[in-house]
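Below you'll find the structure, written out as structure tokens, and then a few comments.
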Amino acid sequence: MSAQIIDGRKIAAEIKAQVKKEAEEYLKRNGRKMGLAVILVGDDFASGIYVRNKIDACNENCINSYAYKLPATTTEHDIIELIHRLNNDETVDGILVQLPLPPHIRQNVVLSHISVYKDADGFLAENAGNLMLGNPSLNACTPCGIIELIRSTGINIDGANAVVIGRSNIVGKPISLLLLENHATVTMCHSHTANFVNFTRHADILVVATGQKGLITGDMVKKGAVVIDVGMNREGGKLCGDVDMESVKEVAGFITPVPGGVGPVTVAMLLKNIVKAALRLE
Ligand code: NDP
């Protein structure tokens, strides 16, 4: 039997509806909308599209957006100065620096200047550390979205065998911690893992975030598993994931499509982070 497709757009719409309700109530209480500031440096085509999507999502859900589109020649000093201004701006509840930054700008240095309370992407060391310690924090949007996608299937995360392929700071590590927090038994695989198939074949939940098109095929997946494909690979203008949909959907119980899976839910979770940040600062 073919796997059920997890509809990321539908789940994102439900999250956004809740965000809008909370944002409207916030507006009534405070006489102003919540606000997100987005900093885009340079003219990377894909980054431009991501920023546009995030801004549209804010505007459609009662959140103000302030876009700072800076030339690729902008200095690190100027970006940091802007971030400090936004940190002190009471109309701004969340700040996001679109990555990647041009090579002359040190990403970690720039990000470290964002106030921990306005860290809309949840990338700061303090927020990542709080996630590890189990303290309240602003968490990275994609991992939070993945948890929502898994929950939507009705599977019990508690006690499940979860395998994560990829160990990046923005996807692999935080999703592993969130699954652990939800009481899954978590195995992390990466490019140095010998025969990751030995792990994936036993996974009730399989999260793949490698950026390697079609890395996971049906023979590597446990029957009935929940498969979350985070990958976004462009091939001839077409977007495809890290999972070979054709073969995996014949084995898995649930699977996210690319596009239409993790991507839309990531944007919805960004809005949720702005609400979280605004309510903490209220
Ligand atoms: P990174 O390149 O930072 O990390 C990739 C990870 O995959 C690394 O840990 C790497 O291992 C591992 N890896 C690569 N090749 C293999 C392999 N053959 N076998 C096992 N592990 C492997 O990527 P990101 O985590 O930032 O992103 C991953 C994918 O998810 C990309 O396609 C990205 O575009 C997409 N993405 C999608 C988002 C969305 O909103 N839909 C958001 C963020 C990312 P090692 O550490 O050993 O090098």
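The values are calculated or read from the model by the stated rules, or taken from the named source; none is laboratory data. A quick note: this is a predicted structure, and the numbers were derived from the prediction, not measured. Positions of Cβ are generated from backbone atoms using ideal geometry, with glycine treated the same way; all protein chains shown enter the neighbour counts. Side chains included, ligands, DNA and RNA excluded: accessible areas come from the protein's heavy atoms. Shrake-Rupley method; radii C 1.70, N 1.55, O 1.52, S 1.80 Å.
Listed here are the pairs Lys249/Lys272; Lys213/Lys272; Lys16/Lys69; Lys21/Lys213; Lys10/Lys33; Lys173/Lys272; which of them are more than 27 Å apart at the Cα?
The answer is Lys249/Lys272; Lys213/Lys272; Lys21/Lys213.
For the residue pair Asn161 and Ala46, what label-to-label distance in nm results when each label sits 7 Å from Cα along the Cα-to-beta-carbon direction?
3.3
Under a crude label model (7 Å from the Cα following the beta-carbon direction), how far is His192 from Glu24 in nanometres?
About 5.2 nm separates the two model spin labels.
Take the Cα pairs of the chain, get the Kirkwood Rh, then feed it into Stokes-Einstein at 4 °C and 1.567 mPa s and tell me D in µm²/s.
67
Rg over Rh of segment 35-143, using C-alpha atoms and the Kirkwood radius, what does it come to?
Checking Rg against Rh, the ratio lands at 0.95.
What three numbers, in Å, describe the spread of the alpha carbons of segment 141-264 along their principal axes, ordered from the longest?
So the three principal-axis extents are 40, 30, 30 Å.
I'd like the carbon and sulfur percentage of the solvent accessible area for the chain, probe radius 1.4 Å, heavy atoms only, ligands and nucleic acids excluded.
That fraction is 53 percent.
Could you identify which residue out of Ile216, Ile146, Ile49 has the top mean-square fluctuation in a GNM of the chain using Cα springs shorter than 10 Å?
Judging by the Gaussian network model, the answer is Ile49.
Excluding ligands and nucleic acids, what accessible area in Å² is computed for Glu24 using a 1.4 Å probe, to the nearest 10?
Approximately 80 Å² for this residue.
Compare Tyr117, Tyr68 by solvent-accessible area with a 1.4 Å probe and give them largest first, with all protein chains kept in place.
Descending accessible area places them as Tyr117, Tyr68.
Can you say what percent of the DSSP beta bridges in the chain, counting only those with both residues inside, are antiparallel? Round to 5.
Around 10 percent of the beta bridges assigned by DSSP in the chain are antiparallel ones.
Per residue of segment 20-31, what does 6.51 cos²θ - 1.76 cosθ + 1.60 with θ = phi - 60° give for ³J(HN,Hα)? Whole Hz please, x for Gly and Pro, Karplus curve as stated.
Result, ordered by residue: 4, 4, 5, 5, 5, 5, 4, 4, 5, 5, 10, x Hz.
As an exercise, identify the trypsin sites (Lys or Arg not before Pro) in segment 11-70 lying in DSSP coil whose Cβ has no more than 14 other Cβ atoms within 10 Å.
Here the trypsin sites (Lys or Arg not before Pro) that fit, given the DSSP loop and packing criteria, are Arg32.
Per residue of segment 131-144, in order, report the coupling 6.51 cos²θ - 1.76 cosθ + 1.60 (Karplus, θ = phi - 60°) as ³J(HN,Hα) in whole Hz, putting x for Gly and Pro.
With the stated coefficients, segment 131-144 comes to 4, 5, 7, x, 8, x, 7, 8, 9, 4, 5, 4, x, 4 Hz.
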